[in-house]
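Notes follow the structure.
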């Protein structure tokens with residue numbers, strides 16, 4: 001048919017894959033839904049209905065609202081105190097002015113660590129660590145169409161969604177008297193509200209395992225393994241419930257607006273981000289978050 005001929009074969013293949021994925025979602029049981037969506041079917045359908053009813057997300061020609069509920073967590077780096085030989089210490093002394101490992105971590109919205117890469121020198125750029133994590137055979141895997149929320153130090157690219165630059169971002173920049181003035185500020189406010197997840201996870205990790213902020217006496221190889229072990233234990237403990245090590249309020253004084261990004265934004269994801277921001281703004285009503 002003439003109409004079909006106008007659609008590139010690659011897009012037709014993508015649409016067939018989308019339909020198959022949606023069929024899997026609608027025909028799965030709760031156990032399979034948790035594996036795919038990190039929630040049971042009922043709350044997922046309710047979430048989709050809320051987005052659709054409020055106009056926050058709309059179906060488009062190649063994507064439905066169901067497929068847009070695709071944020072799987074937040075990603076960021078944190079510094080862990082390190083001890084090295086004098087000859088190596090300079091490379092591990094970064095903006096924190098002490099020797100440290102720059103640890104890249106991803107968490108889901110239950111504050112479980114889903115990926116951790118430890119061992120990078122404290123002076124390393126976050127963008128370089130991210131590139132390394134994505135290039136490793138056992139590295140960070142981001143499913144097609146899914147994304148992590150990252151801070152302004154990361155490029156806007158497939159799988160990583162940072163806030164808009166040169167717009168208000170931090171939670172303490174907004175209040176009842178200082179509401180978002182445009183789509184980008186509202187997007188940044190909601191982005192910041194969800195990014196608090198990884199800040200709370202890092203805070204809980206270091207509050208529980210004080211060894212991470214103390215001068216270590218182990219070999220560096222053991223220091224790296226210690227970070228991983230603490231993250232594994234963090235997840236194990238969360239499996240038994242949230243506890244007193246989580247802080248309710250987290251400030252963003254330590255969040256940087258740049259980490260020496262050496263990658264370019266992806267144009268398609270920049271457009272997608274702007275579309276989401278515009279949809280939030282149009283459907284905001286009297287709410288700010």
Do you know which residues across segment 240-269 are at pLDDT 80 or above and assigned to a loop (DSSP other than H, G, I, E, B)? 266
On the given criteria, is residue 143 assigned by TED's automatic domain parsing to the domain that holds residue 240 and closer than 14 Å to residue 76 by Cβ? no
Positions within segment 79-109 being in a loop (DSSP other than H, G, I, E, B) and in contact with a strand residue (DSSP E or B) (Cβ under 8 Å, 6 or more places away or on another chain), in sequence order: 82, 83, 84, 94, 96, 98, 108, 109
Taking segment 52-66 as the search range and keeping residues that are part of a helix (DSSP H, G or I) and under 21 Å from residue 144 (Cα atoms), which one is modelled with the lowest pLDDT? 66
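So that you can scan it fast, the table gives a plain yes or no per residue for (1) in contact (Cβ under 8 Å) with a residue 40 or more places away in the chain; (2) surrounded by 18 or more Cβ atoms within 10 Å (Cβ to Cβ):
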position: 106; (1), (2): yes, yes
position: 117; (1), (2): no, yes
position: 120; (1), (2): no, yes
position: 129; (1), (2): yes, yes
position: 139; (1), (2): no, no
position: 150; (1), (2): yes, yes
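The values are calculated or read from the model by the stated rules, or taken from the named source; none is laboratory data. Source: prediction; values computed, not measured. FYI the Cβ positions are ideal-geometry reconstructions off the backbone, even for glycines, and counts take in every protein chain you see.
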